[in-house]
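Undergrad: Take this structure, written in C-alpha cells, and hold onto it; I'll ask about it next.
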Amino acid sequence: MSEHGCIHLSNFKAAKGTQPYKVIYAYFVACTSTEARKRKAFSCYCYICRCLGPRLHSCLHCIFFGCFVSGHIQEHAKSKKHFLAVELTYGMVMCFQCGDYIYDRELTDIANERDAKASKALGLPISYRSWEPSANEIELLRLHPRRRRVIENSTIGLRGLINLGNTCFMNCIVQALTHTPLLRDFFLADKHQCQFRDQPGSCLVCEVSRLFQEFYSGNKAPLILHRLLHMIWTHAHHLAGYEQQDAHEFFIATLNVLHRHCKGSSAHTHSSPEHCNCIIDQIFTGGLQSDVVCQACNGVSTTIDPFWDISLDLATDIPTSSSESNDSGQKSSESSQKSNEQEPTSLIDCLTRFTRPEHLGSSAKIKCSNCQSYQESTKQLTMKKLPVVASFHLKRFKHSSRFHKISTYVAFPEHLDMTPFMSHYRNMNNGHCGNTFNLLPDNRYSLFAVINHLGTLDGGHYTAFIRQQQNHWFKCDDHLITKANIQEVLDSEGYLLFYHKQFLEYE
Amino acid sequence: MLYKTSIEQSLILSGEKDRFKELLRTRLTECGWRDQIQMLCRQIVKERGVQNITADELIGEVTAKGRALVPDAVKKELLQKIKAHFSQDM
Ligand SMILES: [Zn+2]
Ligand SMILES: [Zn+2]
Ligand SMILES: [Zn+2]
Ligand SMILES: [Zn+2]
Ligand SMILES: [Zn+2]
Ligand SMILES: [Zn+2]
C-alpha cells in the first residue's frame, strides 16, 4: 500500500487536475443535494452485471461503473487502459497499474471536506476520525522517543494528599478533578494557554496543570497542596482559614476561579458560564430549562440557565414540629403539598422530583407574559443540554435554624441514563412524537467519582472514591489510597456524585 | 433483484442510507469493533511487511472475522431501526 500516491495518479492529476475526482465524490460518494442523490440512486450500478455493489467503482477517466467483486471494473481498466478508479463507498482511489489503493493527501482532503458537508446536509453529527498528529506533534514524538505505557494494574495517577489540618474537603475534590477523564486529557495534552504570562504564579489553571503532571508522573509519594490552597484562599475569600469547609462549596468555587482564569483578567466582567467555551465550561456546563405554565391561559414562558451541578433535596421540606420554622415563606404551599410524601431513596427519585411539574401555589402568583395578569402557575425543570460531566450534590446538610445532617442512604447507579430528564424527551411524551427514527443523542453516563462525608458537620471528615482505568476503584482518604470495589462505592453514603458521559459527540 | 434495487434506491434517495451507515459507524466505534479490526490489520501488515500486502488482500483476510465480531446488539438495533423506518413509510 503506497502512502504517498503513485506516479500514475500524479500524471493523471497533472493532466486533468482533481476535478474528475471531485465530481465523482460529490455525486456518487457523499451526496449533498437531492439532485446528487437521484443520480446516485438511479445511475450507480455495474454497467456489466447491473449489481449495486458491494465495492462498486467508478472509472476516473470516463463514465463507467463496474463492480470489483466480479472483476468488471478490472476488465474495463485493462481493455480501455483506464487504470484509475474510485471506490464508491469510501472514495478510495485504486490504481490498477500499481495493483492497490493509493493514498493521496490532496484527494483525502477533498474527501474529508465533502464528507463534512454531506453529514451537515443530513443533519448528522460530524463522524469520528482517528487522530492524526500534526507536524508539530510528530516533531515532539520524534524528540521524545520514550513512551509510557499504561498497563493493567498500573497505579499511575494515584497519589495520596497530605491533610494540612482539616483540608480533606480540598483533597477529595482534587481527587475527583484529577480523575475526570476529559479534564485529565486536556491537561496531559498541555492544552492550557495561559492568560497570565506576565504574572507568573497567579494562574490557578497553571497550578492545576502542574498538579496533573505530578499526579501522572509515576511518583507515588503523597503530595502537599500548599500552593493550591493558598491560591484558592486568595481568589475565593469565603473559603480562607483552616476550618473545615464544605466540599461542595469548594468544588464550585474552584470551577469558578478556573473558569475566570481561563478567560484571563481582561474578561472578568464576563464571569458567568453562559456562552463560555473554556475547558471548565466545555466539560461541566449544562443547560437547565425552566418552563412556567400559566394556569389561566396555558401560556408557557421558557428560560434556560447554565449550571455546573445539580443540587438535589433529600428532605421533604416539612416542618416536622411547629418549633422549626419554614425556611422560605414562598415555598409554604409546596410543603403542604408534599407533606405526606416519602423521602427520596435513590438518585433517580431525586431527579424525578427535580424535573416534575410543581404547582407554585396561590401565594406565589407570577405575572404571565402572555395574558399580562398575575396568575397561579406550575413550573417544571428539565435538562436542555447535558454537560460532559454531570455532578450531583445531595443536600445532606440542612441549613435551617440549626445545622443538621441527613444521613439516609440514597442509592445511586453505576450507569445512569439521563434521557427521561431531558427537555425534548418530555416534549415528545407530551403529545407530538415527530420522526421516530433519528440519531437521538446518547445520554448515558457512568460513575467515576463519589465524595463521602463521615461524622457530623463540624467534626466530620471527607473521603473520595475514584475510578481509574475504566473499572478499578480506589478509596482516597487524604494520604492513604486503598483498593475498593464498585459495591463498596455504591453502598456508601454519597454526598457528591460525579458521572462522565459515555459517548461524546464531535464538534 | 428488482425489489432489492428499489428498496436500496429509496434509501439512497431519502438520505436514510447515509443515516443508517452513520449510526452503524458510530456503534461500531463505541463498542470497540473499530479498534479490534484496526489491531487485526496492524498485526497482519506487520507480519507480512507493508510492501508485501495490498488493501484487497487485507480486506480478504479480515472480512470474515470482522463480520463475526459485530456484536449482536448492534445488528439487532440496526435491523429494528430499518424495520421501523419501512413500517412507517408504507
Ligand atoms: Zn474508463
Ligand atoms: Zn459487475
Ligand atoms: Zn499507480
Ligand atoms: Zn495559566
Ligand atoms: Zn468558562
Ligand atoms: Zn397567562
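The values are calculated or read from the model by the stated rules, or taken from the named source; none is laboratory data. Just so you know, these numbers come straight off a predicted model, no measurement behind them. We place every Cβ from the backbone using ideal geometry, glycine too, and count neighbours over all the protein chains shown. Heads up: the accessible areas ignore ligands, DNA and RNA and are worked out on the full protein's heavy atoms, side chains in. Shrake-Rupley method; radii C 1.70, N 1.55, O 1.52, S 1.80 Å.
Undergrad: Given the residues A:VAL23, A:VAL69, which is the only one that is within 11 Å of chain B (Cβ to nearest Cβ) and either open to solvent by less than 50 Å² (accessible area, probe 1.4 Å) or within 45 Å of the chain's Cα centre (by Cα) (or both)?
TA: Matching residue, one of A:VAL23, A:VAL69: A:VAL69.
Undergrad: Let me ask something else. Identify, by number, the condition in (1) surrounded by 16 or more Cβ atoms within 10 Å (Cβ to Cβ); (2) within 13 Å of chain B (Cβ to nearest Cβ); (3) modelled with pLDDT under 90 that A:VAL29 doesn't meet.
TA: So the condition that A:VAL29 fails would be (3).
Undergrad: Which of (1) open to solvent by less than 40 Å² (accessible area, probe 1.4 Å); (2) more than 29 Å from B:THR54 (Cα to Cα) does A:LYS117 not meet, given it meets every other one?
TA: (1)
Undergrad: Counting only residues that are open to solvent by 60 Å² or more (accessible area, probe 1.4 Å) and within 14 Å of chain B (Cβ to nearest Cβ), how many does the range A:95-114 have?
TA: Initial filter on the range A:95-114 (open to solvent by 60 Å² or more (accessible area, probe 1.4 Å)): A:97-98, A:103, A:105-106, A:109, A:113.
Still in the list and also within 14 Å of chain B (Cβ to nearest Cβ): A:97-98, A:103.
Residues flagged as open to solvent by 60 Å² or more (accessible area, probe 1.4 Å) and within 14 Å of chain B (Cβ to nearest Cβ) within the range A:95-114 amount to 3.
Undergrad: To continue, here is another question. Only one of B:ARG42, B:ARG27, B:ARG67, B:ARG34 is within 29 Å of A:THR32 (Cβ to Cβ) and open to solvent by 60 Å² or more (accessible area, probe 1.4 Å); which?
TA: B:ARG34
Undergrad: Only one of A:ARG146, A:ARG184 is part of a loop (DSSP other than H, G, I, E, B) and either farther than 30 Å from A:PHE28 by Cα or among the hydroxyl-bearing types (Ser, Thr, Tyr) (or both). Can you tell me which?
TA: Answer to the check: A:ARG146.
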